[in-house]
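Take a look at the structure set out below.
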Amino acid sequence: MSTPVIQVKDLKTYFQTPKGVAKAVDGVSFEIPKGGTFALVGESGCGKSVTALSLIQLVPEPAGYIAGGEILLNGRDIAGLTEREKRAIRGNKISMIFQEPMTSLNPVFTIGDQIMETIRLHQRKTSAEARTLAMEMFGKVGLPNPESLINEYPHRLSGGMRQRVMIAIALSCKPDLLIADEPTTALDVTIQDQIIELIREVKESTGTAILLITHNLALVYRNAGTVGVMYAGKIVELTATKNLFRNPMHPYTVKLLRSIPGGEKRGKALDTISGTVPPATSYPAGCHFSGRCPREMEGCASVYPELTERAAGHTVACHLHDPEFMAGGNSKPLRHEPDALPPLTAPYAEREVLLDVRALKTHYPVRKGLFKKITGFVKAVDGIDLTVRKGATLALVGESGCGKTTAGKSIIQLIRPTAGEILFKGSDLARMDERTIKPFRSLIQIIFQDPYSSLNPRLMIKDTIEEGIKVLKPGLGKAERERKITEVLDRVGLTPDMMYRYPHEFSGGQRQRIGIARALAVDPEFIVCDEAVSALDVSVQAQILNLLKSIQRDFGLSFLFITHDLSVVEYIADEVAVMYDGKIVERNSTVEIFSNPVHDYTKKLLAAIPKIDEELVKLWKLPGK
Ligand code: SF4
């Protein structure tokens, strides 16, 4: 058997922090053969990215350091190399592509300069040779017109094109190992599909080994040969991808898999994982998942479960699979969550129309020249019709730049539309001035993708929520406002004392809960959710989707759900409108859209979603009786 490209043995990467030593990676082992794909999955903060940085020798020093273990590249230990030796490996033998290419492309150099520099540095080519090779690489990754593109700056390219440039740079030196850290998370589903296909082609033609880091489990299912599930610095389950999806053995893996939204779970709550990943400075002495595990036993928090082979080629770190532990006195159950998931919503039925959008247009003038003369119009929204029913969810889907966010903002009058009618409970919002629209403002709210950027960092949560109540519900006194804030925080799963904290003291999921609480505080009837769960881990996303479903049921709310994530749509929406280039190309019930799409663009969008076979979903049961 040939030597694996990369062998990681008991890797430990620690950070010195004011709170003590943070054990971000705490004894991780795996290997990737030539041409193989190994995926690392798990929630944010589990150590996946630090593992990747350790491999490429980019752990931020001096706080971060490799505290133990070996990293063998083609059999040679690279953990203790000098800076000069590390530089020779980085970008040459090991390359990395990141989630957001803009942060790793230098904005002041052309993309041609950036790829040619890498080629010259590692391959000792002349400028002319580097230029020829650069254009060849751009062609290979499907970038159009390499000759003219080579002189472009990163900001002039779309997200998908920038990601292709990053891949071209990463592959230009034919690395032995390519690390892809959330390579498609920021991209539309169709572009995502092309990028994954591209990585697959490269792997097959060059034998490059791939380390894929992602929270998209369907992507892993379709692309990886082996998977390591990482939790709190450790790999807790490691096996061939088909084994993991057919027979997940660790309770954490089962919970992660069951939090994936999808059509087969419509009308049911998604499974969620209570609590958060423990800080790397204070893991429990025993199983790191104790405290959150639905099957925790008395000895779990104090006795560490070693990663052990429990079935052929299937290793898992959980006492439930250890006959010796289960026969001893430590195996008394502490917690036992039921396996079945409760139904959450009543079946969708015809309901009265709350919002009726007719022939809505939002055009922006294009101005040119010294006198800023109007030379044309960008038709961001170009004559769309939509209907949102009471207590129901309409999903507006499409790729970036199709006009869906502009449509959402135009409907709630954050942007004034150019033409059309927006009939909300029969009144046309588009014809109202600031004074007449005021009573409607509290009824119509919006939740954004990144609540952090929409929360004032200098205001306590109480002040942020109260600000909205004061403006939109001026009749409420101080005591009533405070009661309302306590009520909505409680409703979204936060405690009243949290109102005295600032936004930076919360996690991403908690901040999204605050965004929801702020919207709920003014008693809305209609909420636009603009990519509201797109930036969240799948486990946190499941909690927020459950929360949105339950507040919809309890308050009879209607949602316009703007997203590019079609598996979320299949789970949450009653109806779907597909938008392309400013127009709605198809509208129908969710079931019909997913089972019988008519428009070619809808078919293309649906075909690009990575999917997990439905019969596997039924197999995801928690271990233990
Ligand atoms: Fe950890 Fe115990 Fe849960 Fe297994 S059952 S994952 S050992 S807490």
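Points worth noting:
- The number of residues in segment 288-308 being more than 9 Å from the ligand (Cβ to nearest atom) and within 20 Å of Leu238 (Cα to Cα) comes to 3.
- For first residues located in segment 457-468 and closer than 15 Å to Phe506 by Cβ, partners that are buried (at least 16 other Cβ atoms within 10 Å of the Cβ) and β-branched (Val, Ile, Thr) and lie 6+ apart or on another chain with Cβ distances below 6 Å form the pairs Ile461/Ile514; Lys462/Ile485; Ile465/Ile485.
- Val578 touching a residue at least 60 places away in the same chain (Cβ under 8 Å) and buried (at least 24 other Cβ atoms within 10 Å of the Cβ): yes
- Listed by position, the strands (runs of 3 or more DSSP E) enclosed by segment 378-492 that each have at least 1 residues that are open to solvent by 40 Å² or more (accessible area, probe 1.4 Å) are 419-424.
- Residues located in segment 121-150, provided they are more than 25 Å from Asp193 (Cα to Cα) and either under 32 Å from the mean Cα position of the chain (by Cα) or buried (at least 17 other Cβ atoms within 10 Å of the Cβ) (or both): His122, Ala130, Arg131, Leu133
- Residue in segment 611-620 that is open to solvent by less than 20 Å² (accessible area, probe 1.4 Å), among the charged types (D, E, K, R), touching a residue at least 12 places away in the same chain (Cβ under 8 Å) and outside any helix (DSSP H, G or I) present: no
The values are calculated or read from the model by the stated rules, or taken from the named source; none is laboratory data. None of these values were measured; they are calculated from a predicted model. Note that we place each Cβ from the backbone using ideal geometry, even for glycine, and neighbour counts take in every protein chain shown. SASA here: full protein model, heavy atoms, side chains in, ligands and nucleic acids out. Shrake-Rupley method; radii C 1.70, N 1.55, O 1.52, S 1.80 Å.
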